[in-house]
Amino acid sequence: MKKWAVFLCLGLLAILLFLTACRPAATPDRVETQPPATSPAVDDIQPTATRPAATPTAIPSPTPTPQPTLAPPAVPLDRIAQGRRLGRGVNLGNALEAPKEGEWGMVLQEEYFRLIAEAGFDTIRVPIRWSTHALEEPPYTVDEDFFQRVDWVIENGLANGLNVVINMHHYEEIFEKPSAHAERFIAIWEQIATRYEDMPDSVYFEPLNEPHGQLTQDKWMRILGDTILAIRRIDNRHTLIVTGAEWGGYRGLQSLRLPEGEENYVCTFHSYEPMLFTHQGATWSGTGYQTLGVTWPGPPATPVTMDPEAAKVSWVFSWFRQYNTYPYETNPAGPKPIRDAFDRAVRAAEQQGCALWLGEFGAFEQADMQSRINWTRFVREEAEARGMSWAYWEFGSGFGVYDRAAEQWHEGLLKALIPDVSQR
Ligand code: BGC
């Protein structure tokens, strides 16, 4: 073979080899595009890097920090109906909110529940001092014997057809050092909610009686919010009864702030207006309340002479000047202060969208019985005229509607509260 022909053959061979090397590896297209014998579930198909997405995927957004939201209860309760249901009630005062039951002269008896129901009351409010029956340190365990005593109260209330409001009363330390006691307060409520989550809807939880002192509205709203979230993580059904600071008066209701989504609550406030009538001679009320003989309504037939110590307190001095001289309509022991306070409470509740429960009102035994009856009837009628439910303070001690020594109702007081029940 000629030399040039050899070069030509080698050149053609090199080109052939080069072209073969540059050719992409054969892909078994046909095989790969055949559907598998069993199609994978749509979710199993993993997109490959090269596979164009059929539809543009949404740009992933960062996972939001979970907000403490409240899951709706299985059967949501109507909060207005739950408020109305409380109807006419009485406080079982001076028993379980004493440091130890009995220390304030009142030990609850089984017969009281029947008496209360037969007299026509719908509800008992049970003031309870949990703070003297729980460990000081975590996990703040509530004493089992005390829990069993509260179980007994609830069972007896329910067995007599009464609604039962369980509250937290006289947690004195939280009024002095709110932040230091918030954790313990919430831990106690978690135990209460756990213990009673299976109770019927006629059991209500009231987080705190008359917040005051260092527990200002702002601090209380924060602690109350955390308490509600803690309760709701355990018990999403029972109706809560909430109040503002400043001793649970109507003012605190004007700026209530509850966790978003909380719908199942009743608003409450207390009224002892005028204090110089309802708390005359009450040793725990402090300076100014020593003057006795204050009647309701004012003005008195003969002017009342102030106790010399009380007269040194300027607001007390001017109150008595008005009480002794102003006519009924504008007298400080007349209808106006009560009606004004009730109207404001109603407005606050309307803004909040809650039913209103007057959880405490009452006049101490140092006032004359006729004045106590007059005042009690007036307050009860004004409350009912505004659609409020109420609970009188209290059953059988110093403000008592029941005379435990005589084993009978103070008939006039009872009629002032429940005029239309004859069965006693
Ligand atoms: C207090 C009682 C007091 C009553 C009337 C309640 O809230 O806890 O101790 O007797 O109010 O002043």
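A few points about this structure:
- Scanning segment 387-406 for residues that are within 13 Å of Q280 (Cβ to Cβ) and surrounded by fewer than 24 Cβ atoms within 10 Å (Cβ to Cβ) turns up just one, G398.
- Checked against (1) at pLDDT 95 or above; (2) open to solvent by 30 Å² or more (accessible area, probe 1.4 Å); (3) more than 16 Å from the ligand (Cβ to nearest atom), C267 passes all but a single condition, namely (2).
- Meets criteria (touching a residue at least 60 places away in the same chain (Cβ under 8 Å) and either buried (at least 16 other Cβ atoms within 10 Å of the Cβ) or in a helix (DSSP H, G or I) (or both)) for V316: no
- Selection status of A159, open to solvent by 10 Å² or more (accessible area, probe 1.4 Å), in contact (Cβ under 8 Å) with a residue 12 or more places away in the chain, more than 16 Å from the ligand (Cβ to nearest atom) and touching a Phe, Trp or Tyr at 6+ places or on another chain (Cβ under 8 Å): yes
- Those residues of segment 388-403 which are more than 16 Å from the ligand (Cβ to nearest atom) and either among the aliphatic types (A, V, I, L, M) or without any contact (Cβ under 8 Å) to a residue 40 or more places away in the chain (or both), in sequence order: M388, D403
- Sole exception among (1) surrounded by 14 or more Cβ atoms within 10 Å (Cβ to Cβ); (2) basic (K, R); (3) over 22 Å from the mean Cα position of the chain (by Cα) for R129, by number: (3)
- Pick from segment 366-386, criterion touching a helix residue (DSSP H, G or I) at 6+ places or on another chain (Cβ under 8 Å) and not in a helix (DSSP H, G or I), ranking: most open to solvent (accessible area, probe 1.4 Å): R386
- Any hit, segment 194-204, residues being open to solvent by less than 10 Å² (accessible area, probe 1.4 Å) and more than 26 Å from E246 (Cβ to Cβ): yes
- Taken over segment 356-365, the criterion of being small (G, A, S) and touching a helix residue (DSSP H, G or I) at 6+ places or on another chain (Cβ under 6 Å) is satisfied by A363 alone.
- Take the conditions (1) among the hydroxyl-bearing types (S, T, Y); (2) open to solvent by 10 Å² or more (accessible area, probe 1.4 Å); (3) in contact (Cβ under 8 Å) with a residue 40 or more places away in the chain; T216 misses just one of them, which is (3).
- Number of positions in segment 343-374 that are touching a Lys or Arg at 6+ places or on another chain (Cβ under 9 Å), within 16 Å of the ligand (Cβ to nearest atom) and over 22 Å from D122 (Cα atoms): 2
- Unmet requirement for N209, which otherwise passes all of (1) outside any loop (DSSP other than H, G, I, E, B); (2) under 28 Å from I80 (Cβ atoms): (1)
- Residues of segment 164-198 classified as among the hydrophobic types (A, V, I, L, M, F, W, C) and in contact with a Lys or Arg (Cβ under 9 Å, 6 or more places away or on another chain), total: 7
- Residue in segment 313-329 that is modelled with pLDDT of 95 or more, basic (K, R) and more than 16 Å from the ligand (Cβ to nearest atom) present: yes
- Restricting segment 319-337 to residues that are within 21 Å of D307 (Cα to Cα) and not hydrophobic (A, V, I, L, M, F, W, C), the residue that is surrounded by the most Cβ atoms within 10 Å (Cβ to Cβ): Y323
- Of all the listed residues (D340, D307), the sole one being away from the ligand (no atom under 16 Å from the Cβ), within 35 Å of the chain's Cα centre (by Cα) and open to solvent by 10 Å² or more (accessible area, probe 1.4 Å) is D340.
- The condition (being within 16 Å of the ligand (Cβ to nearest atom) and either assigned to a helix (DSSP H, G or I) or open to solvent by 10 Å² or more (accessible area, probe 1.4 Å) (or both)) is satisfied by just one residue among H181, H170: H170.
- Set T302, T295: member being open to solvent by 30 Å² or more (accessible area, probe 1.4 Å), under 28 Å from R386 (Cβ atoms) and away from the ligand (no atom under 16 Å from the Cβ): T295
- Residue within segment 271-283 that is out of contact with any strand residue (DSSP E or B) (no Cβ under 7 Å at 6 or more places or on another chain), away from the ligand (no atom under 14 Å from the Cβ) and more than 30 Å from E183 (Cβ to Cβ) present: no
The values are calculated or read from the model by the stated rules, or taken from the named source; none is laboratory data. Treat the numbers as computed from the prediction; the structure is a model and nothing was measured. A quick note on method: Cβ atoms are made from the backbone with ideal geometry, for glycine too, and the neighbour counts reach across all protein chains shown. Calculation scope for accessible area: heavy atoms of the full protein, side chains included, ligands and nucleic acids excluded. Shrake-Rupley method; radii C 1.70, N 1.55, O 1.52, S 1.80 Å.
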